[in-house]
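Enquirer: Input: one structure, supplied below.
Computed from the coordinates by the stated procedures, all read-outs in this text should not be read as laboratory data. Just so it is clear, the structure is predicted and the values come from calculations on it, not from any experiment.
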Amino acid sequence: MNNMLILVGLGGNAIFRRGERGTYEEQVRNVVNTCKILADIIEEGHSLVITHGNGPQVGATMLRYEAAKNIVPPFPLHVADSETQGFIGYMIQQALINELRRRRINRSVLTVITQVIVDKDDPAFKNPTKPIGPFYTKEEAEELKQRHPDWVIIEDCGRGYRRVVPSPDPKEIVEIDAIKTLINSGHIVIACGGGGIPVIKTRNGYVGVDAVIDKDLASERLASNIKADIFMILTDVDGAYLNYGRPDAKLLREVTLSEIKRYYQEGHFKAGSMGPKVLATIRFLESGGKHAIIGHLDKALLNLRGEAGTHIYP
């Protein structure tokens, strides 16, 4: 396998596992394990650009703002997006540098706090769908709704109840030229964390807006812009399934763009989970990409070698 430029989109399980409280120690432990997997890919000679989610972390940050509002003024959601980009980037950056040094691999790792342009008239602002924060029971959700009547809380794919916020479509990456320069200089780049900080263009420049961009769709924008050889989304399932969760569920191993588009339009992939991942791979291939992968984080190298995961081609 030739040395390639790979955009790796890390799912939430890379940082925050279900059933955990979300302590710093838990998240660092998960990130350290994830960076061993990323280092395996780098050790084979590939160049990496890394993106990650921030749903649980940005929700927790907003809860901290709420809990401390009588002591310090709370900040808006787009600032929470930037805060979580910074601290998650820091954890990944530090853990990956440490792992590479243990392997005597001399590569630098950098985090770029990334702004992503969205349309101020995106219909998502009137229809919140993006889950953030922890899962709640039905009783907890009802109590929160009473305390915060402006919050939108929905049932999340049978896993519990979560707050949802607007998730506008990513259009452009503000820092793309700097990211390309870093990649071309041989650096490993962490960018578009949590989907990026959503901003709109105004006559006076960029202005942050309260939303959370889907990290898979933002990852596609980045992968297409840097002309990645492979766009690989790593998650907590083995790939994209037809009839997921049913007795006749079937893992898709190799599919064409036209096939995956048909399955997507038939509604095989849920909006809150696999749907954005499949849509992101569709957009990547439609933008000129040659190979997209959806697979389990723990099987990253097997995915790359074609021995696991869902592989999508033009």
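Enquirer: Starting at 0 and stepping by 10 Å, how many percent of the alpha carbon pairs of the range 140-182 end up in each bin?
Expert: In order of increasing distance, the bins hold 23, 29, 18, 21, 10 percent.
Enquirer: Using each residue's phi in the range 40-45, evaluate 6.51 cos²θ - 1.76 cosθ + 1.60 at θ = phi - 60° and report the 3J(HN,Hα) Karplus result to the nearest Hz, with x for Gly and Pro.
Expert: Per-residue couplings from phi come out as 4, 5, 5, 5, 7, x Hz.
Enquirer: Given 20 °C and 1.002 mPa s, how large is the Stokes-Einstein diffusion coefficient of the range 222-267 in µm²/s, with Rh as the Kirkwood radius over Cα pairs?
Expert: Values: Rh = 12.5 Å.
Here the translational diffusion coefficient equals 171 µm²/s.
Enquirer: Could you work out the helix-only [θ] at 222 nm for the chain, with each DSSP H run of four or more residues adding -39,500 (n - 2.57) and the total divided by the number of residues, to the nearest 500 deg cm²/dmol?
Expert: On the way: 9 runs with 116 residues, N = 314.
After summing the helix terms and dividing by the residues of the chain, the value is -11500 deg cm²/dmol.
Enquirer: Could you work out the Rg to Rh ratio of the range 20-122, with Rh taken as the Kirkwood radius (inverse of the mean 1/r over all Cα pairs)?
Expert: Values: Rg = 16.3 Å, Rh = 15.5 Å.
Using Cα coordinates only, the ratio equals 1.05.
Enquirer: Search the structure for amide H atoms under 5 Å from the amide H of residue 253, placed 1.01 Å from N in the peptide plane, and list their residues when 5 or more places away or on another chain.
Expert: none
Enquirer: Please report Rg (one decimal) and Dmax (integer) in Å for the Cα set of the range 83-219.
Expert: In Å, with Rg to one decimal and Dmax whole: 18.1, 55.
Enquirer: Still on this structure: Average the reciprocal distances over every distinct pair of alpha-carbons in the range 169-314, invert the result, and give the Kirkwood radius in Å. Write out the running numbers ahead of the final one.
Expert: On the way: mean 1/r = 0.0618 Å⁻¹.
Evaluated on the range 169-314, it is 16.2 Å.
Enquirer: What pairs from 171/201; 270/299; 180/227; 250/270; 130/250; 261/290 go past 18 Å between their alpha carbons? Display every interim value, and only then the final one.
Expert: Details: 171/201 11 Å; 270/299 23 Å; 180/227 10 Å; 250/270 15 Å; 130/250 27 Å; 261/290 15 Å.
Too far apart for the 18 Å limit: 270/299; 130/250.
Enquirer: Here's something else I'd like to know. Taking every Cα atom in the range 246-314, find the radius of gyration and the maximum pairwise distance Dmax, and write them in Å.
Expert: 11.8, 36
Enquirer: Oh, and also: Could you derive backbone 3J(HN,Hα) for the range 193-205 from the dihedral phi with the Karplus parameters 6.51, -1.76 and 1.60 (θ = phi - 60°), listing whole Hz in sequence and x where the residue is Gly or Pro?
Expert: x, x, x, x, 7, x, 9, 10, 8, 10, 5, 9, x
Enquirer: List the residues whose amide H sits under 5 Å from the amide H of residue 119, counting only those 5 or more places along or on another chain, with H placed 1.01 Å from N in the peptide plane.
Expert: 169
Enquirer: Could you tell me the largest-minus-smallest coordinate of the C-alpha atoms of the chain on each of the three principal axes, in descending order and whole angstroms?
Expert: So the extents along the principal axes, rounded to whole Å, are 56, 46, 43.
Enquirer: What are the ³J(HN,Hα) values, in whole Hz, obtained from phi via the Karplus relation 6.51 cos²θ - 1.76 cosθ + 1.60 with θ = phi - 60°, for each residue of the range 264-278 in sequence order, with x given for Gly and Pro?
Expert: 4, 5, 7, x, 6, 10, 5, 4, x, 9, 7, x, x, 5, 5
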